[in-house]
Protein chains: 2
Amino acid sequence: MTLDSYMQELGRAARTASRRLAASTTAERNGALHAIAGALDGARERIAVANAEDLARGRERGLDPALLDRLELTPARIDAMLAGLGEVAALPDPVGAISDLASRPSGIRVGRMRVPLGVIGIIYESRPNVTVDAAALCLKAGNASILRGGSEALASNTAIAGAIAEGLRAMALPAGTVQVVDTADRAAVSALVRMEGYVDVVVPRGGKGLIERVLADARVPVLKHLHGVCHVYIDAAADLAMAHAIAVNAKTQRYGTCNTMETLLVDAAVADSVLPGLGEAYREAGVELRGCKRSCALLPGIRPATEADWSEEYLAPVLAVRVVDDYEGALAHIARYGSGHTEAIVTADHGRAMRFLREVDASSVMVNASTRFADGHEYGLGAEIGISTDKLHARGPVGLEGLTSQKWIVLGEGHLRS
Amino acid sequence: MTLDSYMQELGRAARTASRRLAASTTAERNGALHAIAGALDGARERIAVANAEDLARGRERGLDPALLDRLELTPARIDAMLAGLGEVAALPDPVGAISDLASRPSGIRVGRMRVPLGVIGIIYESRPNVTVDAAALCLKAGNASILRGGSEALASNTAIAGAIAEGLRAMALPAGTVQVVDTADRAAVSALVRMEGYVDVVVPRGGKGLIERVLADARVPVLKHLHGVCHVYIDAAADLAMAHAIAVNAKTQRYGTCNTMETLLVDAAVADSVLPGLGEAYREAGVELRGCKRSCALLPGIRPATEADWSEEYLAPVLAVRVVDDYEGALAHIARYGSGHTEAIVTADHGRAMRFLREVDASSVMVNASTRFADGHEYGLGAEIGISTDKLHARGPVGLEGLTSQKWIVLGEGHLRS
């Protein structure tokens with residue numbers, strides 16, 4: 001069988017399964033999530049063997065240690081997968097909710113019903129636990145999913161897929177509900193993102209290389225996360241102790257996450273009060289600073305920033321620092337260099353706080369809080385399939401609701417258009 | 001100036017204007033809508049001259065009469081444009097609304113704020129009144145717009161653009177708020193749909209050729225309307241008088257609209273009771289029928305349908321008719337041949353009505369009502385930019401809300417992530 005006909009077969013099976021899922025009950029879908037957890041629990045040994053295979057092959061190929069770490073399925077990570085399934089099962093079912101049902105002058109009643117999207121393609125990299133997490137969210141929201149993990153995790157993902165299939169069988173849900181692409185052929189990704197008739201949306205989860213490859217090929221809509229160049233702006237009216245604490249937390253609480261601050265903006269009016277202390281805190285934390293001229297004057301010895309630094313997503317203990325003339329200067333800097341992910345202001349001025357919320361164009365805008373809060377769990381979504389930096393459909397952390405759509409429903413009693 | 005640098009300039013101006021619009025008040029935007037109406041009213045003569053030019057050139061080129069009719073701006077059509085501006089100004093402002101603001105266990109308060117999308121590209125065909133209608137909806141929702149009309153309407157659109165610019169100036173809004181592409185070069189469309197940095201979404205309004213051209217080139221998200229292959233299914237438990245009336249209305253109330261029924265499905269149990277009377281009604285209305293074997297047996301003399309008929313969007317007094325074995329047969333037919341636009345069931349059976357609403361995958365699903373109701377005005381949206389057959393973002397009739405996005409807002413008091 002050619003790759004193309006293999007992928008078409010997956011697509012067809014997923015579309016058929018999605019019709020069955022659209023007719024499924026909450027209890028069936030939750031039952032399947034629990035059954036999958038049970039099957040995974042029973043397949044621990046098989047999964048461990050497969051994972052050891054992937055790890056051995058990865059070491060042979062000289063994969064770097066960080067990648068090998070992400071690839072490894074320790075017993076604790078399998079426990080976490082099982083717990084995750086239970087958490088998703090416990091979330092409220094978004095499907096079927098009817099809102100805004102109202103009578104119209106013509107006499108018809110019109111409202112909106114939340115329904116599954118249909119078929120979701122997930123493309124991800126080395127972590128095999130994504131196979132379970134993504135499948136669980138798609139299933140809970142009534143969608144069929146086609147999962148394409150990294151080739152380095154193929155054996156692990158195939159073992160996990162076996163357990164998922166067992167759980168689905170136990171609840172008499174079709175095998176097409178969750179399908180793992182079981183070829184290492186990279187062309188599978190291009191095929192997946194071009195199956196307009198079968199796939200309703202593709203969610204790439206991974207580095208920029210992956211996402212750009214997907215965007216270049218995609219004919220189906222893509223829910224994507226591109227960059228996270230997040231700012232904290234310390235306003236002239238900020239509580240400086242609060243500003244210090246937020247600026248430290250937003251950078252140092254974790255370095256590799258997309259909601260970590262990458263550029264600190266400081267109002268010129270308070271720069272000399274706040275920057276020296278912050279410089280000290282960052283030095284102690286081992287954060288390298290790259291500053292504008294005025295920052296360098298206040299923080300002797302730091303490296304001058306280049307133009308490229310203002311657009312950089314370091315994902316590392318590196319921070320760009322810029323002193324801005326005023327509030328307008330901060331907004332202009334964010335409009336020019338921000339990636340539309342998460343932006344925060346520290347201020348005690350109510351008007352400027354409100355303007356920041358309204359006018360700054362980002363998926364999350366924050367007042368007096370650390371950018372690190374931009375996260376599905378922190379926002380109460382329960383779990384997230386990813387964080388979208390797109391403006392259409394779902395923006396920011398995408399939970400179950402982002403995996404659904406709303407259709408219009410019309411209730412008449414023989415009404416005719418005149 | 002090359003086409004590319006001209007388009008880039010429009011994009012840059014639109015992006016800058018969108019920042020100003022994000023900071024604008026409801027009163028400013030409504031004031032601009034009224035000022036544009038005033039300016040158009042004062043420019044009637046100039047617009048008439050430009051329109052006469054377009055019409056003369058169109059006649060020279062041998063445009064067909066239907067196209068020439070759509071191109072013509074009669075005084076009544078200009079009145080309708082002015083009235084439309086007033087109606088849009090009177091709609092509630094969607095921008096700035098905050099929903100679901102709730103406290104989280106961490107202490108932060110999290111909610112969502114409705115905000116403009118940013119910059120919207122509209123690509124349309126011969127009707128110059130779309131220039132005003134589309135600009136008005138974009139502006140009301142706080143978006144900058146770049147409008148690309150048909151080359152046959154270039155003089156008319158340029159004259160209208162002059163009046164819009166005058167209205168914007170009167171309210172001190174930037175000229176980049178509404179820009180009309182003033183070149184007949186078709187490459188402008190390809191450039192517009194690839195300006196990812198400047199354009200947030202493109203809405204093509206026109207025939208399938210236009211939409212397919214846009215999809216082939218697009219790098220920015222597209223809100224599109226593809227096909228309208230709408231069904232009415234007369235269930236075994238239908239009130240047959242109601243079914244007759246709805247089936248006639250859904251087909252004959254208007255032929256050229258996307259929400260017109262194109263295939264009638266009739267349950268075998270009631271086919272012989274309902275089809276002969278319907279055949280008579282369609283014959284009187286001049287509707288040509290194309291039937292499955294069983295329909296042909298009940299309606300002697302009608303043309304047999306081919307496989308292609310089940311997927312056809314006739315947009316004409318032609319109707320495909322199929323007798324299905326049962327409810328499941330109707331759902332299977334719709335799943336296979338429907339275009340996801342609007343689907344209706346006529347039934348007195350509550351369970352089947354509810355299943356139809358839940359399981360049929362379309363932007364509008366209806367019980368006991370004519371498909372012709374699928375329309376922004378009928379749904380209470382006030383006005384629509386189009387009807388989307390996509391599942392992401394806005395589905396079905398797209399009004400002001402579909403031209404906005406929701407961002408997350410976080411209110412803290414110095415909260416840190418731990």
Per-residue ellipticity at 222 nm for the protein assembly as shown, helices alone: DSSP H runs ≥ 4 residues times -39500 (n - 2.57), over residue total, nearest 500 deg cm²/dmol?
-13500 deg cm²/dmol
Decide, for segment B:118-179, between rounded, prolate and oblate: order the square roots of the alpha carbon gyration tensor eigenvalues as a ≥ b ≥ c, take rounded if a/c falls under 1.5, and otherwise choose prolate if a/b is larger than b/c, else oblate.
oblate
Put a point 7 Å out from Cα along the line to Cβ at A:Val49; what are the distances to that point in the other copies, in nm, shortest first?
8.7
Find how much the distance from A:Ser103 to A:Ala241 grows on full extension, using 0.36 nm per residue of separation minus their present alpha carbon separation; answer in nm with one decimal.
44.3 nm
In debye to the nearest 20, how big a dipole does segment B:230-378 give about its Cα centre with +1 on each Lys and Arg Cβ and -1 on each Asp and Glu Cβ?
200
Charge dipole (the protein assembly as shown, unit charges on Cβ, about Cα centre) - positive-most of A:Ala175, B:Ala90, A:Ser273:
A:Ala175
Residues of segment B:359-384 losing 50 Å² or more of accessible area relative to the isolated chain, 1.4 Å probe, heavy atoms only?
B:Glu359, B:Phe373, B:Glu378, B:Tyr379
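Give me the extension gain from B:Glu401 to B:Glu280: residue separation times 0.36 nm, minus the current Cα-Cα distance, reported in nm with one decimal. Each step should come with its number before you reach the end.
Details: separation 121, 0.36 × 121 = 43.56 nm, distance 4.30 nm.
Extending this stretch completely gives an extra 39.3 nm.
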In terms of the Cα gyration tensor, with a ≥ b ≥ c the square roots of its eigenvalues, is the protein assembly as shown rounded because a/c is under 1.5, prolate because a/b exceeds b/c, or oblate?
oblate
Using the Kirkwood radius over C-alpha pairs as Rh, can you work out the diffusion coefficient of segment A:138-217 via Stokes-Einstein at 4 °C, viscosity 1.567 mPa s, in µm² per second?
95
What's the FRET efficiency of A:Ala184 with B:Arg219 using the Cβ-Cβ distance as r and R₀ = 22 Å, to the nearest 0.05?
0.15
Report the B-A buried area as the accessible area lost on both sides summed, probe 1.4 Å, in Å² to the nearest 100.
5900
Mind checking the angle between helix A:3-22 and chain A's longest principal axis? C-alpha axes, 0 to 90 degrees, to the nearest 10.
90
Apply the Kirkwood formula to chain B: the hydrodynamic radius equals the inverse of the mean of 1/r over all pairs of different alpha-carbon atoms; give it in Å with one decimal.
23.4
In nm, to one decimal, how far is the A:Ala297 label point from the B:Lys293 one, both placed 7 Å along Cα→Cβ?
9.1
Can you pick out the pairs among B:Lys208/B:Lys407; A:Lys293/B:Lys140; A:Lys208/B:Lys391; A:Lys391/B:Lys251; A:Lys140/B:Lys224; A:Lys224/B:Lys208 whose Cα atoms lie more than 31 Å from each other?
B:Lys208/B:Lys407; A:Lys293/B:Lys140; A:Lys391/B:Lys251
Using a label position 7 Å from Cα in the Cα→Cβ direction, what is the ascending list of nm distances from B:Ala308 to the same site in the other copies?
5.8
By how many nm would the segment from A:Lys208 to A:Asp349 grow when fully extended, if each residue of separation counts as 0.36 nm and the alpha-carbon distance is taken off?
47.0 nm
Accessible area per residue, 1.4 Å probe, Å², for segment A:170-298: what's the number?
37
Between A:Ser126, A:Ser24, A:Ser295, which gets the highest mean-square fluctuation from a Gaussian network model of chain A, Cα cutoff 10 Å?
A:Ser24
Taking the label point as lying 7 angstrom from Cα along the Cα-to-Cβ axis, what are the distances from B:Leu240 to the corresponding position in the remaining copies, in ascending order and in nanometres?
8.8
Take the alpha carbon atoms of segment B:99-171, find their center, do the same for segment A:1-61, and report the distance between the two centers in whole angstrom.
44
Do any residues of segment B:116-135 show a loss of at least 40 square angstrom of accessible area between the isolated chain and the full protein assembly, using a 1.4 Å probe, and if so which?
B:Leu117
Cα centroid separation - segment B:292-308 against segment B:177-255, whole Å:
30
In chain A, which residue puts its Cβ closest to the axis that turns chain A onto chain B, and how many whole Å away is it?
A:His393, 2
Taking only protein heavy atoms into account and a 1.4 Å probe, give the accessible area per residue of segment B:36-90 in Å².
53
Can you compute the FRET efficiency between B:Ser151 and A:Glu60 using 1/(1 + (r/R0)^6), with r the Cβ-Cβ distance and R0 = 56 Å? Round to the nearest 0.05.
0.35
Set Lys and Arg Cβ to +1 and Asp and Glu Cβ to -1, take the dipole of segment A:230-377 about its Cα centre, and tell me which of A:Tyr255, A:Leu357, A:Thr342 lies farthest positive.
A:Tyr255
Leaving ligands, DNA and RNA out of it, report the carbon-plus-sulfur percent of the accessible area of segment B:28-121 at a 1.4 Å probe.
54
If I compute solvent accessible area with a 1.4 Å probe over the protein chains, what percent of it on segment B:230-378 is carbon and sulfur?
51
Once you sort the root eigenvalues of the Cα gyration tensor of segment B:230-378 as a ≥ b ≥ c, which label holds: rounded (a/c under 1.5), prolate (a/b larger than b/c) or oblate (the other case)?
rounded
For the protein assembly as shown, size of Cβ-based charge dipole, Lys and Arg +1, Asp and Glu -1, in debye:
100
Counting only protein heavy atoms and leaving out ligands, DNA and RNA, the solvent-accessible surface of B:Trp310 at a 1.4 Å probe, in Å² to the nearest 10, equals 10
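The values are calculated or read from the model by the stated rules, or taken from the named source; none is laboratory data. Note that the structure is a prediction, hence the values are computed from the model and not measured. Reconstructed Cβ throughout: ideal geometry from the backbone, glycine too, with neighbour counts over all protein chains shown. Areas reflect the complete protein model, heavy atoms only, side chains present, ligands, DNA and RNA absent. Shrake-Rupley method; radii C 1.70, N 1.55, O 1.52, S 1.80 Å.
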